[in-house]
Structure formats: structure tokens, C-alpha cells
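S.K.: Have a look at this one before I ask anything.
The values are calculated or read from the model by the stated rules, or taken from the named source; none is laboratory data. Everything numeric in this text was worked out from a predicted model, so none of it was measured. Neighbour counts run over all protein chains shown; Cβ positions are idealised from the backbone, glycine included. Just the protein is used for accessible areas: all its heavy atoms, side chains included, with ligands, DNA and RNA removed. Shrake-Rupley method; radii C 1.70, N 1.55, O 1.52, S 1.80 Å.
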Amino acid sequence: MKAVERVDPFYVLKQLPKATALISQEGALLDASCSWLEMFGIPSLTEGKGPEIFTLFPEDIELRRKLKEN
């Protein structure tokens, strides 16, 4: 029987050439491409734990509302 190989579900996201992030409606950074993490000086995420997006963009007062609506 052949062993099942598991692939990180966010593998494609990490490989994107454009800076891309996956953010929950609550503002938690779930995962991001390597280029996005590098852009913001964030080390690799472990188990989906990252900073809240609001701490990275404190000047955008509408961000919380926009995330809730979408």
C-alpha cells in the first residue's frame, strides 16, 4: 500500500510571487506568502498564529468594518 503524502494546504499561497495574505474576518493573519511576510518583517507563521492585521495598519480606521462586511 502506498503511503499518503500530506501537503500543506497553504503551500500555493506561500509560493505566490505577489505579496498575498489570508486574513480572517476578525483580523487575524491566518497565513501569507513569503514575499508578504518579508515585506512586513514578520517571521514565518507557526500554526496559523500571526499578528492581528489592525496592528500592521493602524491608520486604516475602516479596516475592521470592511473585514466584517466581506
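S.K.: For labels at Leu16 and Ser44 in the simple 7 Å Cα→Cβ model, what's the distance in nm?
M.R.: Simple spin-label model gives 2.0 nm for this pair.
S.K.: Using the Cα centre of the chain as the reference point, and only Cβ charges (+1 on K/R, -1 on D/E), how large is the resulting charge dipole? Debye, rounded to the nearest 20. Could you put the intermediate results ahead of the total?
M.R.: Numbers: 9 positive and 11 negative charges, 47 e Å.
For the chain, the charge dipole is close to 220 debye.
S.K.: In Å², what does the accessible area per residue of the chain work out to with a 1.4 Å probe?
M.R.: Details: 5640 Å² over 70 residues.
Per-residue accessible area for the chain comes out at 81 Å².
S.K.: Which label marks the calculated value of Cα extents along the principal axes in Å, given the options [x] 54, 25, 15; [y] 55, 25, 20; [z] 33, 22, 19?
M.R.: [y]
S.K.: How many Lys pairs in the chain lie less than 24 angstrom apart by Cα atoms, where the lysines are 8 or more positions apart or on different chains?
M.R.: Working: Lys14/Lys49; Lys18/Lys49; Lys18/Lys66; Lys49/Lys66; Lys49/Lys68.
Lysine pair count for the chain: 5.
S.K.: Under 11 Å from a label point 7 Å along Cα→Cβ of Phe54: give me every residue in segment 14-43 with its amide N that close.
M.R.: 26-28
S.K.: Tally up the carbon and sulfur contribution to the accessible surface of the chain as a whole percent, 1.4 Å probe, everything protein left in place.
M.R.: 57 percent
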